[in-house]
Amino acid sequence: MRPITRRIFLTALTCPTLGWLMCQDQIPNPITAAARFQIEQGLEIGRRARALYPTGHLIATHNFNSAIAAIQNLMIHPNTQTLFEPAFLTENIATRADILTRKQDGRWHLIEVKARIVDFKPVCIELEELTRTPKKPEPELRFECRGCDLFKDCTGQGIDNHIFDLPRLNQTRFETLTDSGIVCIEEIPSGFSLTGKQNRVKVCVQSNKPQIEARLKPDLEAVSWPTFYLDFETVMTAIPLYPNLAPYAQLPTQYSIHKCSEPGHVTAHSEYLADPSRDCRLELAERLISDLKGAGSIVVYTSFEKTIINGLARLYPDLAADLNLLIGRLVDLEAIIKKNFYHPGFHGRTSIKRTLPVLVPEMSYDGLDIGMALPRSRFLR
Ligand code: SF4
């Protein structure tokens, strides 16, 4: 059994079942490209923080027992001034600080303490008992299940149209429904108070029929041909990659454009991929204007592309007029879907990952890692 780390501790406070599974090492934990990218950023920040203490010792091992043994050896040595990522274990509760430094009077100073053990003592005892039991605590449906990776195999198992499919379901409404024993949309009685969008989902699920508004056809006919299908990729980093960027600023790094003369008939394709060794935003903006020149709608899915083009227009006033012309040609297909069409297979969402397999079953995102597309960056080289 693993020691109770901060992550397990906080998880078990919310869901004892999940905390127990983590303690038993029973959570499948595939490292996605997005997670790997975040880990790399954390490592880079750690490296820079350590550069401020050049005589420090890094406790690099991930094994808690080895880390604790290393700490004990270093702390008794009078020349040891600074330790990075020291590990501490008390009554099976484990934590790691960022930096431990020795003051002039000989006392140790802990920087970025993860928890103060005395405040949590009663909870810790309870959690220790819980995580030591050999039997997994029975899962209970709770509001937090909505964001849990195990939901489909746990409290959501076997339920096709869970009440979590209701858009923006808040905790109060969730509790009102579950207190009455309702977990499926099919079971929601008529007259139960829902928002307009939630009610639309309920009506579609209960009738098992898509809902099509009269405006769908004219809204789609507003698309003018030839049409350019535009898709951006961006990257956000904790440590700015280039001067004059804020932490986590959204940096456009890539785009792809398919030009169609009529539905389904691609006549040209253009794309741009930034060079990670320099800030390419100006070059990207100029190429974008050139690649989209001419007449015809620029079709996007979500308002993301508009946000990116607006950001470029603010950044490069000389290009603002041309970029604003592009914005005037944008047609957001998701907005049209949201307003005019709902299918029970969407399960309360209109993201392209949900709508594409329902509307075009022969196309699918299965097997593609599209949670976060990553251009090559300094962190990944
Ligand atoms: S689905 Fe809910 S009960 Fe099951 S592990 Fe996740 S949070 Fe806990």
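Bear in mind these aren't lab numbers, they're just calculated from the coordinates by the rules spelled out. Just so it is clear, the structure is predicted and the values come from calculations on it, not from any experiment. Glycine also receives a Cβ, built like all others from the backbone with ideal geometry; neighbour counts cover every protein chain displayed.
How are the C-alpha pair distances of the chain spread across 10 Å bins, as whole percents from the shortest bin up?
Per 10 Å bin, starting at zero, the Cα-Cα P(r) for the chain comes out as 4, 16, 21, 23, 20, 12, 4, 1 percent.
Could you give the longest part of the chain that holds none of the GluC sites (Glu not before Pro) found in DSSP loops with at most 10 neighbouring Cβ atoms within 10 Å?
Longest run free of exposed loop sites: 113-361.
Please work out the Cα center distance from the range 148-218 to the range 259-333, rounded to the nearest Å.
37
Magnitude of the Cβ-charge dipole of the chain, K/R +1 and D/E -1, about the Cα centre, nearest 20 debye?
Using only the charged Cβ atoms, the result is roughly 720 debye.
What ranking of V203, V358 emerges when the number of other C-beta atoms within 10 Å of each C-beta is taken as an exposure proxy, fewest first?
On the way: V203 16, V358 13.
Lowest to highest Cβ neighbour count: V358, V203.
With N set to the number of residues, divide the alpha-carbon radius of gyration of the range 6-132 by 2.2 N^0.38 Å and report two decimals.
1.19
Please give the net charge around P252, taking every other residue with its beta carbon less than 10 angstrom from that of P252, where Lys and Arg add +1 and Asp and Glu add -1. List each step's numbers first, then the result.
Details: positive: R281; negative: E233, E305.
It works out to a net charge of -1.
Would you please report the Å³ per residue occupied by the convex hull of the alpha carbon atoms in the range 155-209?
With only Cα atoms used, the range 155-209 gives 81 Å³ per residue.
Positive end of the charge dipole of the chain (Lys, Arg +1 and Asp, Glu -1 on Cβ, about the Cα centre): tell me which of L288, I99, V223 has its Cα farthest that way.
I99
Please go through the residue pairs K197/K217; K259/K306; K217/K259; K136/K353 and name each one whose alpha carbons sit more than 26 Å apart in this structure.
Beyond 26 Å between Cα atoms: K136/K353.
What list of ³J(HN,Hα) values in whole Hz, one per residue of the range 346-359 in order, does the Karplus curve 6.51 cos²θ - 1.76 cosθ + 1.60 (θ = phi - 60°) give from phi, with Gly and Pro shown as x?
Rounded to whole hertz, the list is 6, 6, x, 10, 10, 5, 5, 5, 8, 7, 4, x, 7, 7.
Throw me the Rg/Rh for the range 290-330, computed over C-alpha atoms with Kirkwood Rh, two decimals.
Radius of gyration over Kirkwood radius for the range 290-330 works out to 0.94.
Rounded to the nearest 5, what is the percent of antiparallel bridges among the DSSP beta bridges in the range 6-132?
Working: 11 of 13 bridges.
About 85 percent, rounded to the nearest 5.
Please list, or write none, the aspartates and glutamates whose alpha carbon is within less than 14 Å of the alpha carbon of K152, excluding same-chain residues fewer than 8 places away.
Filter leaves E140, E144, D160, D165.
Restricting to the chain, what percent of DSSP beta bridges are antiparallel, rounded to 5?
Taking every DSSP beta bridge with both residues in the chain, the antiparallel ones total about 80 percent.
Arranged by the count of other C-beta atoms within 10 angstrom, fewest first, what order do D275, D219 take?
D275, D219
Could you list L245, L21 so that the one with the fewest beta carbons within 10 Å of its beta carbon is first and the one with the most is last? Provide the component values of the computation, followed by the final result.
Numbers: L245 16, L21 22.
With the fewest neighbours first, L245, L21 line up as L245, L21.
Could you tell me, in Å, what Rg and Dmax come out for the Cα atoms of the range 218-334?
Answer for the range 218-334, Rg first and Dmax second: 14.6, 46 Å.
Scanning the chain for chymotrypsin sites (Phe, Trp or Tyr not before Pro) in DSSP loops with at most 15 other Cβ atoms within 10 Å, what's the longest stretch left with none? Walk me through the numbers before you get to the answer.
On the way: sites that count: F120, F192, Y248, Y365.
Here the longest segment lacking exposed loop sites spans 1-119.
Looking at the range 212-261, what % of the alpha carbon pairs are farther apart than 12 Å?
For the range 212-261, the share of Cα pairs beyond 12 Å comes to 73 percent.
Charges only on Cβ, +1 for Lys and Arg, -1 for Asp and Glu: so what's the dipole of the range 6-132 about the Cα centre, in debye to the nearest 20?
Dipole magnitude for the range 6-132 comes out near 360 debye.
Which residue, V201, N161, I188, has the largest displacement toward the positive end of the dipole of the range 155-209 when charges sit on each Cβ (Lys, Arg +1; Asp, Glu -1)?
So the residue we want is V201.
What is the sum of charges around A51, taking Lys and Arg as +1, Asp and Glu as -1, for the other residues whose C-beta is under 15 Å from the C-beta of A51?
0
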